[in-house]
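Visitor: Starting off with a structure, shown below.
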Amino acid sequence: MQHFAVTLSDSGVIKLQPACQLSLALLLALVGAELCTASNACERPAPGSPISEPADLRSENGRLNVELTIHNFALPDGSSRYCYLDQYGNQAPTLRLHPGDLLTLTLKNELSAIDHRRSAMAATHSAHAHSQMLSCSAGPMNATSTNLHFHGLTVPPLCHQDDVLNTLIAPGSAPFEYQFRIPENQPPGLYWYHPHVHGFTNTQVLGGASGAMIIEGIEDADHELAGLPERVLVIRDQDLLNPNAPPSKDEPVLPKMLIDRDGDAANNGTGFGKPAKDLSINFVPVPYPDYLPARIEMKPGERQLWRVLNASAVTYLNLAVLCGRAPQPLGLVALDGVPLNLGSKAADVPHWLTHLGVPPGSRVEFMVKAPPPGATALLVTRTVDTGPGGENDPNRTLALIDVSDRAPEPRARLSPNPKPLPAQALPWLGDVKPVRVRHLYFSEKLQDPNSPPSAVEFYLTVEGQKVEAFDPDSAEPNIVARQGTVEDWIIENRSQELHAFHIHQLHFMLLDYLGMPVNEPFLRDTVNVPYLKQRALTYPSVRIRMDFRDPNSVGTFVYHCHLLEHEDGGMMGLIRVEPADSATQSQ
Ligand SMILES: [Cu+2]
């Protein structure tokens, strides 16, 4: 991890023309497509629109009551949209709470069976075939059942809290109630909610079912943040709007089109060409091949805190802000919801970087400074090398940052009165001796080389155990750990594509990356495990320190690849954390 201090400078900023011009015909086609679907519940802005932020639902007097409904519908091209609407009609609201607050969230399932193409792929996961479903027991797991995962929160993996194994909400059933208290020790930062039904998560998240959640108090991490405007940016992926279009003629290379084993455009190693998925930013699509940028308005020179969630199903981000071609410094404050300086071996905050890699599921919160008057800047994602088996994540523009004295006042500002970050009750994770080391590995297998791409199996295996796809019918954990302990896990990648390891309920510390010690002085809940290069003599790996000390981690939950096609395909395992005082031996 690079670590260097730089200061923001106004010099060298070049006025930039918008990077892409969309042909009138294409623009009309896109606007037309939008009008055709304007009456549905999951309305989306047209490409090139100004970015508006999701509505905020803020807790009051220690409580937040939210009524969400999940909807879906099919588009004429065979893709589908999914969305959450709240009791006021807002799409994907941001839930804002303080540590200690009580969240009561009801979820009503209004999904209909629309997506036979995708559900056919996952039909083999139709498990728990009970006739009448009770939401907290095993119910029918199919394309129209849903549930919620609160990604990053350390709340118990129990029904009505953060359980995804047995909580299945059938369409048309009574609203299902989630209720839990945000832990007093939950770090301030950006978290998120999304569905997590095994076999069907990819379809629902790719369709747009996701939203941000903020635990307030990020300004306590760095008093420079006091009173700053804040902006929530949710980047999602979606099926290509123009799948048959050739790449833009402006691209410096025209790579050969390759298809990966999931049926998406495969990484071609050039940084250009057709992406596997389109991206959107707060639902404003930025479609291939011209990537007409969404628009962000800022006042000249203004500093803001950007809170960016990669809610993509399969797309990696590598964010940069460019003035001309010069990458601007981004002051990283928090990663995966946790301020970088929370631990006693604190990293400096902000941590100045010129690009930020964000795997699917991960979050980055960073300070940016608007260009001076008359200049523009671009928010881009640079290409990510996902390996020969991975998706194509090319260079592309996301948003044009326009500066104007008339830019609207930001909707939200951080508190002008920061407090010290709360002292951590437990010793820094890096200083705690692990009770054991476990070895796990990612691998893939093509069931039949002559069959369609959907026949790839994805595995996440504990060394020594049988290599098999996650079985939602099995209650037998792959790993048993004990609350109160910490463990080191070495996770290898034996496949030729990048994977993103994620575990529910807890954060971990990255100790080694590709065999080299990094000992990051901060925490993550998602980490990349690099792909296997053909002539490598050893498998690439990461070593992470898993924190089972919080009593809220007791219970049974999952760890998995956060590329949701992989997770749905079986790249997931089951862990049971026993209470500290239980007699059971961990295994
Ligand atoms: Cu993966």
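Residues checked against (1) under 17 Å from P359 (Cα atoms); (2) within 16 Å of the ligand (Cβ to nearest atom); (3) assigned to a loop (DSSP other than H, G, I, E, B):
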position	(1), (2), (3)
N552	no, no, no
Y559	yes, yes, no
H566	yes, yes, no
G570	no, yes, yes
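Visitor: Within the stretch 210-227, which residues are in a loop (DSSP other than H, G, I, E, B), over 12 Å from the mean Cα position of the chain (by Cα) and crowded, with 21+ Cβ neighbours inside 10 Å?
Guide: D222, the sole residue that qualifies.
Visitor: Shifting gears a bit: Can you name every residue in the stretch 377-402 that is touching a Lys or Arg at 6+ places or on another chain (Cβ under 7 Å), open to solvent by 10 Å² or more (accessible area, probe 1.4 Å) and in a strand (DSSP E or B)?
Guide: V380, D402
Visitor: Looking at V577 and the list (1) farther than 18 Å from V338 by Cβ; (2) within 16 Å of the ligand (Cβ to nearest atom), which single condition is not satisfied?
Guide: (2)
Residue by residue, here is whether (1) in the same structural domain as N202 (by TED's automatic domain parsing); (2) outside any strand (DSSP E or B); (3) among the hydroxyl-bearing types (S, T, Y) holds:
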site: S280; (1), (2), (3): no, no, yes
site: Y291; (1), (2), (3): no, yes, yes
site: I296; (1), (2), (3): no, no, no
site: R307; (1), (2), (3): no, no, no
site: S312; (1), (2), (3): no, yes, yes
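Visitor: Starting from the stretch 373-392, take each residue that is at positive phi and list its partners that are surrounded by fewer than 22 Cβ atoms within 10 Å (Cβ to Cβ) and part of a loop (DSSP other than H, G, I, E, B), counting only C-beta distances under 7 angstrom and pairs at least six apart or across chains.
Guide: G374/K15; G387/Q496
Visitor: On to the next question. Name the one entry in F442, F470 that is within 12 Å of the ligand (Cβ to nearest atom) and either in contact with a Phe, Trp or Tyr (Cβ under 9 Å, 6 or more places away or on another chain) or assigned to a loop (DSSP other than H, G, I, E, B) (or both).
Guide: F442
Visitor: Identify, from the list S112, S59, S49, the residue that is over 22 Å from the mean Cα position of the chain (by Cα), open to solvent by less than 40 Å² (accessible area, probe 1.4 Å) and farther than 24 Å from A294 by Cα.
Guide: S59
Visitor: While we're here: For the stretch 253-284, how many residues are of a type outside the set (A, V, I, L, M, F, W, C), open to solvent by 10 Å² or more (accessible area, probe 1.4 Å) and more than 21 Å from H499 (Cα to Cα)?
Guide: 3
Visitor: Select, from H507, H502, H560, the only residue that is over 19 Å from L429 (Cβ atoms) and either within 18 Å of the chain's Cα centre (by Cα) or open to solvent by less than 10 Å² (accessible area, probe 1.4 Å) (or both).
Guide: Only one candidate qualifies: H560.
Visitor: Tally time: how many residues in the stretch 473-503 are of a type outside the set (S, T, N, Q), in a loop (DSSP other than H, G, I, E, B) and within 16 Å of the ligand (Cβ to nearest atom)?
Guide: 3
Visitor: Could I ask something else about it? Cβ-Cβ distance below 8 Å, separation of 6 or more or different chains: which pairs start in the stretch 96-125 with a residue that is within 13 Å of F200 (Cβ to Cβ) and end on one that is of a type in the set (A, V, I, L, M) and at pLDDT 95 or above?
Guide: From the stretch 96-125, the pairs are N109/I70; L111/I70.
Visitor: If you take the residues in the stretch 516-548 that are open to solvent by less than 30 Å² (accessible area, probe 1.4 Å), assigned to a loop (DSSP other than H, G, I, E, B) and more than 16 Å from the ligand (Cβ to nearest atom), which one is modelled with the highest pLDDT?
Guide: F548
Visitor: Between residues in the stretch 409-421 that are assigned to a strand (DSSP E or B) and residues that are not aromatic (F, W, Y), which pairs lie under 6 Å by C-beta distance while being six or more apart or on different chains?
Guide: A412/E230; R413/G227; R413/P229
Visitor: For the stretch 377-405, give me each residue that is within 15 Å of Q328 (Cα to Cα) and touching a Gly at 6+ places or on another chain (Cβ under 8 Å).
Guide: Within the stretch 377-405, just R382 meets the criteria.
Visitor: Report the residue count in the stretch 165-188 for those that are farther than 16 Å from P99 by Cα and either open to solvent by 20 Å² or more (accessible area, probe 1.4 Å) or not in a loop (DSSP other than H, G, I, E, B) (or both).
Guide: 12
Visitor: Looking at the stretch 81-92, which of its residues are surrounded by fewer than 23 Cβ atoms within 10 Å (Cβ to Cβ) and either assigned to a loop (DSSP other than H, G, I, E, B) or among the small types (G, A, S) (or both)?
Guide: Selection gives D86, Q87, Y88, G89, N90.
Table: residues versus (1) acidic (D, E); (2) farther than 30 Å from P293 by Cβ.
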{"residue": "D385", "(1), (2)": "yes, no"}
{"residue": "G390", "(1), (2)": "no, no"}
{"residue": "R396", "(1), (2)": "no, no"}
{"residue": "N417", "(1), (2)": "no, yes"}
{"residue": "R438", "(1), (2)": "no, yes"}
{"residue": "E468", "(1), (2)": "yes, yes"}
{"residue": "D473", "(1), (2)": "yes, yes"}
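The values are calculated or read from the model by the stated rules, or taken from the named source; none is laboratory data. These figures come from a predicted structure and were not determined experimentally. Glycine also receives a Cβ, built like all others from the backbone with ideal geometry; neighbour counts cover every protein chain displayed. Keep in mind that these areas ignore ligands, DNA and RNA; they rest on the heavy atoms of the full protein, side chains included. Shrake-Rupley method; radii C 1.70, N 1.55, O 1.52, S 1.80 Å.
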